[in-house]
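Q: Quick one: structure below, then a few questions.
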Amino acid sequence: MMVCTLHLFGFIKAQSYKPVRCTWPILSNPWFLVLRLPKPPAMALLHRFGCCTSPSPPPVISFTKSTFNPVYSVSALPRHRRFPRRFPSFRLTATLAAETPAGSVSDGGRGPPKLLLEVKDLTAVISESGQKILNGVNLSIYEGEIHAIMGKNGSGKSTFAKVLVGHKDYEVTGGAVVFKGENLLEMEPEDRSLAGLFLSFQSPVEIPGVSNSDFLQMAYNARRRKLGLPELDPLQFYGYIMPKLEMVNIKADFLNRNVNEGFSGGEKKRNEILQLAVLGAELAILDEIDSGLDVDALRDVSKAVNALMTPTNSVLMITHYRRLLEFIKPTYIHIMDEGRISKTGDISIASILEKEGYKAMSTT
Ligand SMILES: Nc1ncnc2c1ncn2[C@@H]1O[C@H](COP(=O)(O)OP(=O)(O)OP(=O)(O)O)[C@@H](O)[C@H]1O
């Protein structure tokens, strides 16, 4: 255990969230942080909002009331031009004492990334017809990694995603899947979700009669119960979800609408990412999150996904297009062909695909 000093200097918005650039002197890594000052100075909460990716991800350090003991001064300044006039801004200089977990400085005490998901020789059929779709999928995902699966239409990408979350349309006929050290295939779909697996569907379902806010609050409280945390009441949940709406760039009135009912294709996709932001997930599987998104929506959604990445969670995304991979940079790209992963590589695979199509995959 050690005590580090964080020097923070930037412009913030009172009663709100804004990224503040600061320096972590020991690691020399710039961080982007979000600072909230509900009752300055007594209840300042510091949240990690995003992080730099080079040369290495920053450590996970949670700033809670127990570990965060700020000594700082806040002085009001004239309004800063970067913020709308209605928000007063403050110049903040802070020296924070934060205890980090035991371990090396370079990895924040986490040690090497852990294996999050291991899929071995997974085979699966369509329950109703017995038609074989997955023909021995092998895949390992470590914490902090972003994997992308590409492949021809009908090669089994969505089926693989749905089998992982326990979709009833498919029956696993062989192989093994271990998620966070547990046999995933023995878990009920609900338990898989509570364990930290999230699937954003290619075609998100509508839930008539259930408001988005009720649905999200219910789902989030179920996850909190699983984690042994107290449930949030509607007011607390409102406070929790507001910054998430901002993150995904969704208007607050979407919370009052029934889940996905009447949403445009792009709104449904944003709503999926809002669900991910609210629920949090160790492994987020994003099935064609880019389909039907205009360029601004794609940027918003990608930004939100990147902001949700931490050194301990991972993303598995299915896509047909390189443009998503330019926004959310994958660690690995896999090609799925006839129900198995036939090739794994880096971003260069996507460029080859775009130029030459899938026929190039058999020769490169
Ligand atoms: N529930 C189902 N009933 C009947 N056939 C199915 C079902 N689910 C998947 N299939 C079939 O399995 C094959 C793989 O489908 P899947 O949706 O996994 O492909 P995909 O690689 O995701 O394709 P795309 O890129 O077009 O989304 C397809 O031929 C599809 O028609």
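Q: What number of residues in the range 315-342 are surrounded by fewer than 22 Cβ atoms within 10 Å (Cβ to Cβ), within 12 Å of the ligand (Cβ to nearest atom) and in a loop (DSSP other than H, G, I, E, B)?
A: 3
Q: Right, something else. Could you check the range 113-129 and list, in sequence order, the residues that are near the ligand (Cβ under 10 Å from one of its atoms) and open to solvent by 50 Å² or more (accessible area, probe 1.4 Å)?
A: 127, 128, 129
Q: Scan the range 169-211 for residues that are within 16 Å of the ligand (Cβ to nearest atom), of a type in the set (S, T, N, Q) and under 23 Å from the mean Cα position of the chain (by Cα) and jot them down.
A: Passing the criteria: 200, 202, 203.
Q: Now for a separate question. Can you confirm whether residue 132 is open to solvent by 10 Å² or more (accessible area, probe 1.4 Å) and modelled with pLDDT under 95?
A: Working: open to solvent by 10 Å² or more (accessible area, probe 1.4 Å): yes; modelled with pLDDT under 95: no.
So residue 132 fails the test.
Q: Taking the conditions exactly as written (open to solvent by 20 Å² or more (accessible area, probe 1.4 Å) and not in a strand (DSSP E or B)), does residue 266 satisfy them or not?
A: So residue 266 does not fit the description; no.
Q: Going through the range 151-168 one residue at a time, which ones are more than 6 Å from the ligand (Cβ to nearest atom) and touching a residue at least 24 places away in the same chain (Cβ under 8 Å)?
A: Correct list: 152, 160, 161, 162, 163, 164, 165, 166, 168.
Q: Would you mind stating whether residue 152 is in contact with a strand residue (DSSP E or B) (Cβ under 8 Å, 6 or more places away or on another chain), assigned by TED's automatic domain parsing to the domain that holds residue 346 and open to solvent by 50 Å² or more (accessible area, probe 1.4 Å)?
A: When the stated conditions are applied, residue 152 passes them.
Q: Follow-up. Looking only at the range 205-223, count every residue that is out of contact with any Leu (no Cβ under 7 Å at 6 or more places or on another chain) and surrounded by fewer than 16 Cβ atoms within 10 Å (Cβ to Cβ) and tell me the total.
A: Residues flagged as out of contact with any Leu (no Cβ under 7 Å at 6 or more places or on another chain) and surrounded by fewer than 16 Cβ atoms within 10 Å (Cβ to Cβ) within the range 205-223 amount to 7.
Q: Would you be able to say whether some residue in the range 294-303 is open to solvent by 10 Å² or more (accessible area, probe 1.4 Å), part of a helix (DSSP H, G or I), within 16 Å of the ligand (Cβ to nearest atom) and within 24 Å of residue 143 (Cα to Cα)?
A: no
The values are calculated or read from the model by the stated rules, or taken from the named source; none is laboratory data. Small disclaimer: the values here were computed from a predicted structure and weren't measured. Neighbour counts run over all protein chains shown; Cβ positions are idealised from the backbone, glycine included. For the accessible areas, the whole protein counts, side chains as well, though only heavy atoms, and no ligand, DNA or RNA atoms are used. Shrake-Rupley method; radii C 1.70, N 1.55, O 1.52, S 1.80 Å.
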